[in-house]
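Q: Pasting a structure below so you can have a look.
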Amino acid sequence: MKKSISGNPGWKTYALSLATTLGVTYVLCAIFDALFPPYGLIQWLSQASPWPIYGTPAGFMTGFVTFTAAGFALGAIYGIAWEFWRQKLK
């Protein structure tokens with residue numbers, strides 16, 4: 001089922017959009033953590049994370065991939081739900 005350019009976006013558009021947003025958010029938070037270490041959001045989240053998401057290059061890549069994958073999954077769920085309810089409520 002193809003959509004036209006002017007039509008409603010599919011779930012892939014929502015998934016890629018949110019994945020990009022969370023990836024950029026992670027990078028900006030990592031920059032903030034590097035500039036102001038005691039106040040960083042990622043440093044605060046890393047205490048509860050089972051994976052190393054902060055402090056080393058491998059930790060940075062793990063955190064970036066985790067945030068991007070989570071954004072893709074949440075965006076896909078949102079896009080599928082949007083499509084379902086849009087059709088259901090027509």
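The values are calculated or read from the model by the stated rules, or taken from the named source; none is laboratory data. Worth saying up front: this structure is predicted, and the values here are computed from it rather than measured. All Cβ positions, even for glycine, are placed from backbone atoms using ideal geometry, and neighbour counts span all protein chains on display.
Q: May I ask you to verify whether residue 67 is surrounded by 15 or more Cβ atoms within 10 Å (Cβ to Cβ) and either modelled with pLDDT of 80 or more or within 29 Å of residue 11 (Cα to Cα) (or both)?
A: yes
Q: Against the condition under 9 Å from the mean Cα position of the chain (by Cα), of a type outside the set (A, V, I, L, M, F, W, C) and in a helix (DSSP H, G or I), how does residue 20 come out, does it pass?
A: yes
Q: Give just the number: which of (1) part of a helix (DSSP H, G or I); (2) buried (at least 16 other Cβ atoms within 10 Å of the Cβ); (3) not β-branched (Val, Ile, Thr) does residue 85 not satisfy?
A: Single failed check for residue 85: (2).
Q: Among the residues of region 10-42, count how many are surrounded by 19 or more Cβ atoms within 10 Å (Cβ to Cβ) and more than 26 Å from residue 76 (Cβ to Cβ).
A: 1
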